[in-house]
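**Q** Sharing a structure below in structure tokens format, with a few things to ask.
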Amino acid sequence: MVDFKTIIIQVDEFVSNLLKTKISPDLKFHSYSHTKEVVFSVQELCLQCEKPELDTEVVILAAWFHDCGYSQKYVGHEEISCKIATDFLKEKKVPSKFIQLINDCIMATVYPQTPKTLEAEILCDSDFFHFARTDYGIHEHKLREEWSICLDKNYTDAEWHELNCKLLSNHQYFTKYGRDVLQKFKEVNIRLMSC
């Protein structure tokens, strides 16, 4: 039997160290703090989910690993994240079926998101939890800076505003909590942005 509490503590330590030492400082948005926020969001969404079949440990582990691939490449980082997760978890003797579930969650975050399980839905909603936060402007500013440095994508203020309005307006949450609660707060941000 796998002691997931111990595994989660070990993953927290491993990923925290990886993201703090191997991620480029040019990643203003996809940083250690983003991963930590996603983990907290996953925990919150898991508490809101009243389905007994939910595998909380799987989605928490997926949250920790989901952006580790940025330590090696930007575009297509999800596949690298899965490899890092697989290598680490195999070493800890986590059964393959759990590793596959974790990798499925990570791959569901590829944009546009395609979650097929409740766990993947929770991770996807957590990855875009910031759309519903009162400090959304700080997050989108960091992403704009990151895209400029890492992808050489530079936008005028008007272009960036239009892109953000489209992104928030076209985005959908998958979980019940996301649809019932986060969506309302996201709509507030859309209104505040005068989209």
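**Q** Go through the stretch 7-17 and report how many residues are open to solvent by less than 60 Å² (accessible area, probe 1.4 Å) and out of contact with any Leu (no Cβ under 8 Å at 6 or more places or on another chain). Break it down into steps so the answer makes sense when it comes.
**A** At the first step, the residues of the stretch 7-17 found to be open to solvent by less than 60 Å² (accessible area, probe 1.4 Å) are 7-8, 11-12, 15-16.
Pick out the ones that are also out of contact with any Leu (no Cβ under 8 Å at 6 or more places or on another chain) and you get 12, 15-16.
The number of residues fulfilling the criteria is 3.
**Q** Next question. If you scan the stretch 149-195, which residues turn out to be outside any helix (DSSP H, G or I), closer than 18 Å to Y136 by Cβ and modelled with pLDDT of 95 or more?
**A** Residues satisfying the conditions are Y155, H171, Q172, Y173.
**Q** Given the conditions (1) touching a residue at least 24 places away in the same chain (Cβ under 8 Å); (2) surrounded by fewer than 20 Cβ atoms within 10 Å (Cβ to Cβ); (3) in a helix (DSSP H, G or I), which single one is not true for G137?
**A** (1)
**Q** If you go through the stretch 153-184, how many residues are of a type in the set (A, V, I, L, M, F, W, C) and exposed (fewer than 13 other Cβ atoms within 10 Å of the Cβ)?
**A** Number satisfying all stated conditions: 1.
The values are calculated or read from the model by the stated rules, or taken from the named source; none is laboratory data. Everything numeric in this text was worked out from a predicted model, so none of it was measured. Note: ideal-geometry Cβ built from the backbone for every residue, glycine included; neighbour counts use all protein chains shown. We work out accessible area using only protein heavy atoms, side chains counted, and drop any ligands, DNA or RNA first. Shrake-Rupley method; radii C 1.70, N 1.55, O 1.52, S 1.80 Å.
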